[in-house]
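Please treat every number below as a calculation from the coordinates, not as lab data. Computed from a predicted structure; not experimentally measured. Positions of Cβ are generated from backbone atoms using ideal geometry, with glycine treated the same way; all protein chains shown enter the neighbour counts.
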Amino acid sequence: MGSDRYLPFLPIILNWIQQTLDAHAHERRAVSSFNFPRLPHYFSEGLLNTASVVPSDRLPVPPLSALGLPKFADFESQPARGITYRDTYFLWRADATDESVHFHELVHVVQWQVLGPRDFLLLYAAGLAESGYLDCRLEAMAYDISADPTLAIRCTQWRRKFGNRPWR
């Protein structure tokens, strides 16, 4: 995989993610606490109870360019509505009641679960470097599933059939 060049940065980024999650642990809310009407049709009760949301005034983004990855400077400053780390995502406070934003970020939670932190970050980094944000494979998948939620059902069926094997 062409993403191997990012392997040396993984421990630093994973540590940054864990520190960020720890620093905001007291602000986390279960997705289920928002009582969205449509999410339970596409995501399991277990996922909605264990995935967390942190409404925020600032989305935490790792300082990738400061770590020696200047290629990702655009990612650091893009006007995203949310960002997901493992089973937790951060949203702008103004977007906290927008079910469609939660849907999109929940797709990323599932991607983190299926791929695991290492493969998720490597695949995401490779996609950003090769194609940019919107055409990054993991983002494109999240946008496609958000546009056609029946894809979420098919992904769940695929996962049941094939397990947690990453696609490559």
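The loop-placed trypsin sites (Lys or Arg not before Pro) in region 1-74, going by DSSP, that have at most 10 neighbouring Cβ atoms within 10 Å of their Cβ come out as 58. Label sites at residue 22 and residue 74, each approximated as a point 7 angstrom past Cα along Cα to Cβ, lie 3.4 nm apart.
Along the axis of the charge dipole computed for region 2-162 (Cβ charges of +1 for Lys and Arg, -1 for Asp and Glu, origin at the Cα centre), the listed residues 124, 59, 44 are led at the positive end by 44.
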